[in-house]
1. Considering Lys115, Lys98, which residue is without any contact (Cβ under 8 Å) to a residue 40 or more places away in the chain and basic (Lys, Arg)?
2. Any residue in region 175-192 that is within 22 Å of Arg31 (Cβ to Cβ), touching a residue at least 40 places away in the same chain (Cβ under 8 Å), open to solvent by less than 80 Å² (accessible area, probe 1.4 Å) and of a type in the set (S, T, N, Q)?
3. Could you list, in sequence order, the residues of region 129-174 that are aliphatic (A, V, I, L, M) and surrounded by 16 or more Cβ atoms within 10 Å (Cβ to Cβ)?
4. Among the candidates Arg51, Arg43, which residue alone is in contact with a helix residue (DSSP H, G or I) (Cβ under 9 Å, 6 or more places away or on another chain), open to solvent by 90 Å² or more (accessible area, probe 1.4 Å) and more than 30 Å from His211 (Cβ to Cβ)?
5. Scan the helices (runs of 4 or more DSSP H) fully inside region 1-120 and keep the ones with 2 or more residues being within 30 Å of Thr167 (Cβ to Cβ).
Amino acid sequence: MTIAIFPHMIRRQSSVVGMAANEFSDVLLFRRCVEKFTQSLARRTGPPMSRTTHDHATGEVIAFEANTPEVDEVAILAMRFRLFCAQGEPTQFQKILKIVRRRIQDDWADGYLDKLDIWYKEAMKDTQVSKDLGHPITNREIIDLWFNSEFFHSEPKKREALENIHTVIGETPSLFQLYVAIGRCAAHLQSLYSVVHRLDVSHQFIYTPDHHFGRQKEGN
């Protein structure tokens, strides 16, 4: 699948120096996995949407509705997304990002990659869906619990933790948060894809916006 890349995202060309053959192979595999993942995302009928109804007198949540796909459809997205977040995967988002950052000498490109890293971590730390229901849980935790108790593994402690969350906020909001988290992280995966979309042995360059983002200061 061809992924649309906006011209302003790739205006600056920066050379990559000293990448090993296995690193080029990992970048190529990352691109292929992002393309397959994006193809799965394209099957969605629309953007994630939800509605929460509160009791006017008490403020308590009395209903939650969302356009979450069937759980089996979310599981397919999860299967694709797992290749970018699981430890040990050669296509893990932060592993690919670090490979590239180690090999560039352009401060502008380095600043952009630093921002991508920050934005991805912020997406993982977000609690929006569950926070609105009075029980904030990070996207990272929701992903971990669904992946390791429901979709790919059956760890008893993680199953118990997920069931406890469902007791408090309900299974529908929990699954919706997982769905939203995957979609939000997908945007950053596609941004990194645009950076490395032509990177290989015969073309050792990456592409970033022509803007100096700067480095994130320590402690911010």
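1. Working: Lys115 fails: without any contact (Cβ under 8 Å) to a residue 40 or more places away in the chain.
Only one candidate qualifies: Lys98.
2. yes
3. So the first thing to find is which residues in region 129-174 are aliphatic (A, V, I, L, M), and the list is 129, 133, 137, 142-143, 145, 161-162, 165, 168-169.
Of everything in region 129-174, those that are aliphatic (A, V, I, L, M) and surrounded by 16 or more Cβ atoms within 10 Å (Cβ to Cβ) turn out to be Val129, Leu133, Ile137, Ile142, Ile143, Leu145, Ala161, Leu162, Ile165, Ile169.
4. Numbers: Arg51 fails: in contact with a helix residue (DSSP H, G or I) (Cβ under 9 Å, 6 or more places away or on another chain).
Sole residue among the options that is in contact with a helix residue (DSSP H, G or I) (Cβ under 9 Å, 6 or more places away or on another chain), open to solvent by 90 Å² or more (accessible area, probe 1.4 Å) and more than 30 Å from His211 (Cβ to Cβ): Arg43.
5. Details: elements: 21-41, 71-85, 93-102.
Once the helices (runs of 4 or more DSSP H) in region 1-120 are filtered for at least 2 residues that are within 30 Å of Thr167 (Cβ to Cβ), what remains is 71-85.
One line per residue, one yes/no per condition, for (1) among the aromatic types (Phe, Trp, Tyr); (2) modelled with pLDDT under 95; (3) assigned to a helix (DSSP H, G or I):
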| residue | (1), (2), (3) |
| --- | --- |
| Ala123 | no, no, yes |
| Ser130 | no, yes, yes |
| Trp146 | yes, no, yes |
| Lys158 | no, no, yes |
| Ile165 | no, no, yes |
| Ser174 | no, no, yes |
| Gln177 | no, no, yes |
| Ala181 | no, no, yes |
| His188 | no, no, yes |
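The values are calculated or read from the model by the stated rules, or taken from the named source; none is laboratory data. It should be emphasised that the depicted structure is a prediction, and the values quoted were computed from it without experimental measurement. Don't worry about glycine lacking a Cβ; one is built from the backbone with ideal geometry, like all the others, and counts go over all protein chains shown. Accessible surface areas use protein heavy atoms only, side chains included; no ligands, DNA or RNA. Shrake-Rupley method; radii C 1.70, N 1.55, O 1.52, S 1.80 Å.
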